[in-house]
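Chemist: Before I ask anything, here is the structure I am working with.
The values are calculated or read from the model by the stated rules, or taken from the named source; none is laboratory data. Note that the structure is a prediction, hence the values are computed from the model and not measured. As a convention, Cβ positions derive from the backbone with ideal geometry for all residues, glycine included, and neighbour counts pool all protein chains shown. Note: accessible area is taken over every heavy atom of the protein model, side chains too, but ligands, DNA and RNA are not part of it. Shrake-Rupley method; radii C 1.70, N 1.55, O 1.52, S 1.80 Å.
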Amino acid sequence: MRIEHHIDLQPFNTFGFSSIAERLVHVGSPEDVVEYFTSNQPAPSLVLGGGSNLLLTRDLPGTTLKVELPGIELVEEDTDHVYVKVGAGEVWHDFVLHAISQGWAGVENLSLIPGNVGAAPMQNIGAYGVEIKDVFHQLEAFVTDDKSYESFNLADCAFGYRESVFKRGLKHKAIITSVTFKLNKRPSFNTSYGAINQQLEAMGIQNLSIKAVSDAVISIRQSKLPDPKKIGNSGSFFKNPVVEQLHFEQLQDRYAGIVGYPAGEGKVKVAAGWLIENAGFKGKRIGNYGVHAKQALVLVNYGGAAGKDLFQLSEEIISTVNEMYEITLEREVNVI
Ligand code: EPU
């Protein structure tokens, strides 16, 4: 356990917003977590992973806990699968690249998602037709109320669209320390998401491989999502809202071209990017922050902006979208 005082979290969040943490505690092992929570320390104001889904709007009094547990370990294997235990502090994309180099399939569609492994289950990260729940086996978390480690299987995590029990009932009450994935020795490719096939074709791929699918996903992401190392962002800022079919049909009458996908049970998942673009926000820049020019669902910090200003812009987007379409956008990012 390493403790620092008055540390700017600017390098530790992908938006790159400045926020002074009064006390930053780095936890590097499962034992560190136990030590912290059993030594009469105050409850942390924030548990920080890769900071990729975080909007910091203020300084942080008290303790910020930075989870830095390392390790990628093959723990079990059968004819068709490998079970791979990954420390919460590993960078998600490094784990994906490791899996690809070992020939383990299942996470290639999730290439290049910013953030750390420990945060991935919190919001059931997903992209290009795959969500973490599809490759999840179990995870270990320290439950602060019980002051003990517990294992969570797929059902325990209650995964939904960008949702899990860790964002609901166990919010601020569980420190995820490792995640075990069930990966396939024999790939079953998921290229159902239209743009992947187009990209594979453009790349002249004849024989499909997990590396080829990963390369295609990386190309697509790089073509429309800003690289957080160059322009601060947190990927999709809002969730795609789910509305009743009738509501969607009424919107189709008013707004030709509105994009939505069947979401089951007579509901439609609407492309929030379309709603925001059609409301005139795409590419809008206010000083050093704004809405990305290639993907309206992504808000950006061009450098030096304040989190509270970007939050204000998100409020403006929510209220305009609400007025235009009677849809209330929900933020995907965690606002502090
Ligand atoms: N669209 C627009 N204008 C825009 C952006 C999108 O009209 O500025 C419309 C287009 O019609 C497009 C459709 O929206 O076809 C969907 O856009 P896209 O394929 O870019 O996906 P998305 O729904 O905007 C979701 C995830 C992304 C994930 C992609 C690919 C959410 C909130 N976002 O975005 O996840 O990478 O699908 O699977 O579900 C993230 O969560 O941080 C993230 C990047």
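Chemist: Measuring from centroid to centroid over Cα atoms, what is the spacing of segment 23-48 and segment 183-248 in Å?
Modeler: Using only Cα atoms to place each centre, the spacing works out to 36 Å.
Chemist: Can you tell which of D59, D78, D227 shows the greatest fluctuation in a Gaussian network model of the chain with Cα springs below 10 Å?
Modeler: Maximum among the listed residues: D78.
Chemist: Also, quick follow-up: Rounded to the nearest 0.05, what FRET efficiency do F189 and V91 give with R0 = 30 Å and r taken as the Cβ-Cβ distance? Could you check? Don't skip to the end; give the middle numbers.
Modeler: Numbers: r = 24 Å, r/R0 = 0.81.
The computed FRET efficiency comes out at 0.80.
Chemist: Same structure, new question: One quarter of the convex hull surface, Cα atoms only: what value does that give for segment 1-150 in nm²? Numbers along the way, then the final one.
Modeler: Values: hull surface 38.1 nm².
That works out to 9.5 nm².
Chemist: Which ³J(HN,Hα) values, rounded to whole Hz and listed in residue order, are derived for segment 19-27 from phi using the Karplus coefficients 6.51, -1.76 and 1.60 in 6.51 cos²θ - 1.76 cosθ + 1.60 with θ = phi - 60°, glycine and proline given as x?
Modeler: Going residue by residue, I get 7, 8, 8, 4, 9, 10, 10, 8, 10 Hz, with x marking Gly and Pro.
Chemist: A follow-up question, please. What Kirkwood hydrodynamic radius do you get for segment 72-224 when you take the inverse of the mean 1/r over all pairs of distinct Cα atoms, in Å? Intermediate results must be reported in sequence, preceding the final value.
Modeler: On the way: mean 1/r = 0.0627 Å⁻¹.
Hydrodynamic radius (Kirkwood, Cα pairs) of segment 72-224 is 15.9 Å.
Chemist: Mean residue ellipticity at 222 nm from the helices of the chain, using -39,500 (n - 2.57) per DSSP H segment of n ≥ 4 over the full residue count, to the nearest 500 deg cm²/dmol?
Modeler: -7500 deg cm²/dmol
Chemist: I220: accessible area at probe 1.4 Å, nearest 10 Å²?
Modeler: 10 Å²
Chemist: Using only the Cα atoms, work out Rg/Rh for the chain, with Rh taken as the Kirkwood radius, to two decimals. All intermediate terms of the calculation are to be shown ahead of the outcome.
Modeler: Values: Rg = 20.3 Å, Rh = 21.0 Å.
The Rg/Rh ratio comes out at 0.97.
Chemist: Work out Dmax and Rg for segment 232-335 from the C-alpha atoms and quote the Rg first, both in angstrom.
Modeler: Radius of gyration, then largest Cα-Cα span, for segment 232-335: 13.9, 44 Å.
Chemist: Answer with one residue from F237, L112, I286: the one whose Cα lies farthest towards the positive end of the charge dipole of the chain, charges on Cβ with Lys, Arg +1 and Asp, Glu -1.
Modeler: I286
Chemist: When the Cα atoms of segment 2-67 are enclosed in a convex hull and the volume is divided per residue, what value in Å³ results?
Modeler: Numbers: hull volume 5.1 nm³, N = 66.
Normalising the Cα hull of segment 2-67 by residue number yields 77 Å³.
Chemist: What ranking of K239, K185, K269 comes out by heavy-atom accessible area, probe 1.4 Å, highest first? It would help to have the intermediate numbers written out before the result.
Modeler: On the way: K239 20, K185 75, K269 55 Å².
So, going from the largest accessible area down, we get K185, K269, K239.
Chemist: Which helices of the chain meet both criteria: a Cα extent of 20 Å or more along the helical axis and a mean Kyte-Doolittle score no lower than 0.0, with helices taken as whole DSSP H segments? Spell out each step's value before the answer.
Modeler: Working: long enough: 210-224 (22 Å, 0.25); 307-325 (27 Å, -0.18).
Those that pass (Cα extent of 20 Å or more, hydropathy at least 0.0) are 210-224.
Chemist: Counting only C-alpha contacts under 8 Å and six or more residues apart, can you give the relative contact order of segment 2-67 as a whole percent? It would help to have the intermediate numbers written out before the result.
Modeler: Working: 122 pairs, mean separation 27.2, N = 66.
The value is 41 percent.
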